[in-house]
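Enquirer: Before we start, here is the structure in question, set down as structure tokens.
The values are calculated or read from the model by the stated rules, or taken from the named source; none is laboratory data. What you are looking at is a predicted structure, and each value in this text was computed from that prediction instead of being measured. Counting neighbours? That spans all protein chains shown, and the Cβs are built from the backbone with ideal geometry, glycine included. The protein model used for the area step is the full one, side chains on, heavy atoms only, and it has no ligands, DNA or RNA in it. Shrake-Rupley method; radii C 1.70, N 1.55, O 1.52, S 1.80 Å.
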Amino acid sequence: MFTHKLAPLACALAWVAPAMGADWLTDMDAARQKAAAENKAILASFTGSDWCGACKRLHRDVLGTPEFAEYAKDKFVLLEVDCPHGNKMSEEQKKKNNALARSYRVDGFPTVLVLTPQGDVAGGFLGGGMKRADVQKALDEGLAMLDEAAAIKHKQGPERLEALAAFFSKLPQDIRGCSVGMEDEIISLDKEDKRGFARRRAVAVQRADIATRLNCVRHSNPEELLAVALEYEAQALPENRPAIIQLKLSGLAMMADSLEDLAAAEKTLLKDLETLKGYPEYETVEESIRHAFKDPERLLKEVRAIRAHRASVEKMKAESKPPAGQ
């Protein structure tokens, strides 16, 4: 009789439990300890919960659903690394999360990583807009890499270098940059950089430096854009020179006052292009320059119209400011 009365209640609880969703930790150390104790991987979701639309959709449609909780419960320890713009969490937690995001070199949101219990990257994906089946497929591929990651720990010397390089090459390309520790070790072991990891790191670091410098200038001001291009022109690695030439193209074109100025700009850029001979980007950049200056009269007309519009906007802003002292 007792069993009979409890049976409907048990069924109800079994139905309600999945709807409650999964529990997400917010501390990496706790996640690593739990993952090691339960022999699970860590699923780390780097998100911006109060500003990132793609993050919100990913949580609403996939990561926050009962179906995903059921999928993940025996596979992952779930870790949310939230980097909000508002004040929804303590400053201490916000600093901790931002530091963790930087340590994995997360520069796009959402980023979801499959990590070993030691915190090494084994898989994941960048960006939202994915259906649950696609998310689970990407995560399953990361899980399949865990045994290979564990095997690497027992290798030494050249054998370890080969295993690390092979493992790194299997990671999804858009999250390879998050595997900082592995990349550091490959670079340290490959003294002659035969695999090119040190070179790619140098290119990425310089590219990030240029991007940071560009964040400090007004993109509507061609003189400032040109100044950045000239600042990096001599030191830019060949892999980054296409971006510098494109930047220079924008600056020179927008500063032109005559057809003669445009002709001089095109000549300068084609001369710069010679430094890219032998690189795959050569033809793409050449086509871009030729296309930009194909109709110089039309280009000059467009440049003048853009400058006139910007001058009008600046004038309106200046006139709308209250007089000093008010």
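Enquirer: Which one of the conditions (1) open to solvent by less than 20 Å² (accessible area, probe 1.4 Å); (2) at pLDDT below 95 does Ala211 fail to meet, given that it meets all the rest?
Expert: Of the numbered conditions (1) open to solvent by less than 20 Å² (accessible area, probe 1.4 Å); (2) at pLDDT below 95, the odd one out for Ala211 is (1).
Enquirer: Sticking with this structure for a sec: Name every residue in segment 106-147 that is in a loop (DSSP other than H, G, I, E, B) and either over 17 Å from the mean Cα position of the chain (by Cα) or among the polar types (S, T, N, Q) (or both), in order of residue number.
Expert: Scanning segment 106-147 gives Thr116, Pro117, Gln118, Gly119, Asp120, Lys131, Ala144, Met145.
Enquirer: Any residue that is closer than 20 Å to Phe168 by Cα, buried (at least 18 other Cβ atoms within 10 Å of the Cβ) and without any contact (Cβ under 8 Å) to a residue 40 or more places away in the chain - is there at least one of those in segment 142-149?
Expert: Within segment 142-149, one or more residues are closer than 20 Å to Phe168 by Cα, buried (at least 18 other Cβ atoms within 10 Å of the Cβ) and without any contact (Cβ under 8 Å) to a residue 40 or more places away in the chain.
Enquirer: Next up: Quick one: which of Val135, Val121 is closer than 15 Å to Gly181 by Cβ and at pLDDT 95 or above?
Expert: Of Val135, Val121, the one residue that is closer than 15 Å to Gly181 by Cβ and at pLDDT 95 or above is Val121.
Okay, residues lined up against (1) closer than 30 Å to Ala122 by Cβ; (2) of a type in the set (Asp, Glu):
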position: Lys170; (1), (2): yes, no
position: Glu185; (1), (2): yes, yes
position: Leu189; (1), (2): yes, no
position: Arg199; (1), (2): yes, no
position: Val217; (1), (2): no, no
position: Ala227; (1), (2): no, no
position: Leu230; (1), (2): no, no
position: Leu247; (1), (2): no, no
position: Ala256; (1), (2): no, no
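Enquirer: Looking for whichever is in a loop (DSSP other than H, G, I, E, B), at pLDDT 95 or above and open to solvent by 90 Å² or more (accessible area, probe 1.4 Å) here; the options are Lys294, Lys267. Which one fits?
Expert: It is Lys294.
Enquirer: Sort out which residues of segment 50-68 are surrounded by 19 or more Cβ atoms within 10 Å (Cβ to Cβ) and either more than 18 Å from the chain's Cα centre (by Cα) or in a loop (DSSP other than H, G, I, E, B) (or both), and write them in order of number.
Expert: Within segment 50-68, the first condition is being surrounded by 19 or more Cβ atoms within 10 Å (Cβ to Cβ), and the residues that meet it are 52, 55, 58-59, 62-63, 68.
Matches in segment 50-68: Cys52, His59, Val62, Leu63, Phe68.
Enquirer: Also: Return yes or no: is Ile245 assigned to a helix (DSSP H, G or I), open to solvent by less than 40 Å² (accessible area, probe 1.4 Å), modelled with pLDDT of 95 or more and under 30 Å from Ile175 (Cα atoms)? Lay out the reasoning, then the answer.
Expert: Values: assigned to a helix (DSSP H, G or I): yes; open to solvent by less than 40 Å² (accessible area, probe 1.4 Å): yes; modelled with pLDDT of 95 or more: yes; under 30 Å from Ile175 (Cα atoms): yes.
Answer is yes for this residue.
Enquirer: Identify, from the list Leu79, Leu43, Leu115, the residue that is free of Cβ contacts under 8 Å to residues at least 60 places away in the same chain and closer than 15 Å to Gly142 by Cβ.
Expert: Among Leu79, Leu43, Leu115, only Leu79 is free of Cβ contacts under 8 Å to residues at least 60 places away in the same chain and closer than 15 Å to Gly142 by Cβ.
Enquirer: I need the full set of residues from segment 297-326 which are surrounded by fewer than 10 Cβ atoms within 10 Å (Cβ to Cβ), of a type in the set (Lys, Arg) and not in a loop (DSSP other than H, G, I, E, B), in order please.
Expert: Arg298, Lys317 - these are the residues of segment 297-326 that are surrounded by fewer than 10 Cβ atoms within 10 Å (Cβ to Cβ), of a type in the set (Lys, Arg) and not in a loop (DSSP other than H, G, I, E, B).
Enquirer: Additional query: Evaluate segment 25-45: report whether one residue or more is open to solvent by 10 Å² or more (accessible area, probe 1.4 Å) and modelled with pLDDT under 95.
Expert: Checked against the condition, which is being open to solvent by 10 Å² or more (accessible area, probe 1.4 Å) and modelled with pLDDT under 95, segment 25-45 yields no hits at all.
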